[in-house]
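I have placed the structure first, in the form of structure tokens, so that the comments after it can refer back to it.
The values are calculated or read from the model by the stated rules, or taken from the named source; none is laboratory data. It should be emphasised that the depicted structure is a prediction, and the values quoted were computed from it without experimental measurement. Heads up, the Cβs are rebuilt from the backbone with ideal geometry, glycines too, and the neighbour counts pull from every protein chain shown.
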């Protein structure tokens with residue numbers, strides 16, 4: 001029992017050292033799993049009078065709960081008026097061949113803007129044939145297997161933002177004002193190089209966001225969990241839409257026991273979240289993220 005307690009406590013601790021080594025950052029993704037496992041370890045250790053293991057387990061459990069609990073007990077700011085901006089962000093998985101259910105979900109979502117990550121040329125063709133009530137904007141570069149595709153209202157102002165991975169910026173009305181919505185998909189941190197690229201993109205987005213005059217939303221598959229070093233690079237000046245809605249682990253869809261939240265939406269303090277939920281996986285290894293935003297009453 002002492003070995004199990006030591007391993008879980010060690011993983012809990014190194015998860016805060018993601019800026020030191022990219023492998024440590026991977027350990028930060030599983031705070032919920034550590035907390036769940038540490039409960040019986042702490043109880044059994046106490047019953048067996050393994051004091052060191054019991055204390056170690058309890059301290060590690062508290063450390064994980066402290067960073068998970070705010071997602072449940074914090075509340076979004078009250079909304080001002082009935083106007084809503086509905087955003088859908090979904091990593092559809094580039095190898096996904098079940099595109100009809102994806103397009104049906106988009107059509108019935110009521111979203112004002114849709115970001116489809118890991119979109120392919122096949123997805124572009126399917127969108128064009130589906131006659132959806134949106135205009136398609138693609139950030140897939142020539143020669144790339146996939147990229148982000150956005151579905152926006154006719155007449156919406158859009159730009160491709162040249163980050164490590166090209167992203168799409170959409171300016172949309174919300175009541176009498178305007179909001180900029182940026183859809184991003186940084187590289188997955190599966191090597192030291194790709195982890196550095198992910199962090200570079202998230203840092204660039206954070207610096208870019210700080211200079212924007214309009215209220216801002218950043219959404220997408222961040223390839224960084226809520227507790228990772230990468231997420232901390234971008235979340236400082238923006239509000240995490242999870243607050244008040246819980247963990248909502250979005251990946252991997254087929255292995256819920258190890259799932260973690262890497263699909264996110266962050267927003268300026270002048271906005272607030274009135275609804276946030278995940279949809280079905282629709283053939284992807286991610287769950288789609290639906291968020292309804294409004295002006296905050298402050």
*Go through (1) closer than 22 Å to residue 236 by Cα; (2) at pLDDT below 95; (3) over 18 Å from the mean Cα position of the chain (by Cα) one by one and return the number of the condition residue 165 breaks.*
(3)
*For region 282-298, what are the residues that are part of a strand (DSSP E or B) and more than 17 Å from the chain's Cα centre (by Cα)?*
294, 295, 296
_In region 246-281, the residues that are within 24 Å of residue 177 (Cβ to Cβ) and in a loop (DSSP other than H, G, I, E, B)_ = 268, 269, 270
*When region 96-121 is examined, which residues are found to be within 22 Å of residue 154 (Cα to Cα), free of Cβ contacts under 8 Å to residues at least 60 places away in the same chain and assigned to a helix (DSSP H, G or I)?*
103, 104, 106, 107, 108, 121
*For the subset of region 141-179 comprising residues that are assigned to a loop (DSSP other than H, G, I, E, B) and touching a helix residue (DSSP H, G or I) at 6+ places or on another chain (Cβ under 7 Å), which member is surrounded by the most Cβ atoms within 10 Å (Cβ to Cβ)?*
165
*Could you tell me whether any residue of region 25-33 is at pLDDT 95 or above, within 19 Å of residue 226 (Cβ to Cβ), touching a strand residue (DSSP E or B) at 6+ places or on another chain (Cβ under 8 Å) and assigned by TED's automatic domain parsing to the domain that holds residue 167?*
no
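Over 16 Å from the mean Cα position of the chain (by Cα), assigned to a strand (DSSP E or B) and closer than 15 Å to residue 113 by Cα - does that describe any residue in region 180-189?
Pass one, region 180-189, residues over 16 Å from the mean Cα position of the chain (by Cα): 180.
Among the residues that remain, those that are also assigned to a strand (DSSP E or B) are: 180.
Subset that is closer than 15 Å to residue 113 by Cα: 180.
Yes, the conditions are met somewhere in region 180-189.
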*Within the set of pairs 6 or more residues apart or between chains, which connect a residue that is modelled with pLDDT of 95 or more inside region 274-285 to a residue that is assigned to a loop (DSSP other than H, G, I, E, B) and surrounded by fewer than 16 Cβ atoms within 10 Å (Cβ to Cβ) with Cβ atoms less than 6 Å apart?*
283/98
*Please find, among 10, 81, 18, the residue that is touching a helix residue (DSSP H, G or I) at 6+ places or on another chain (Cβ under 9 Å) and touching a residue at least 60 places away in the same chain (Cβ under 8 Å).*
18
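Table: residues versus (1) surrounded by fewer than 21 Cβ atoms within 10 Å (Cβ to Cβ); (2) assigned to a helix (DSSP H, G or I).
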residue	(1), (2)
31	no, yes
37	yes, yes
46	yes, yes
53	no, yes
67	yes, yes
82	yes, no
94	yes, no
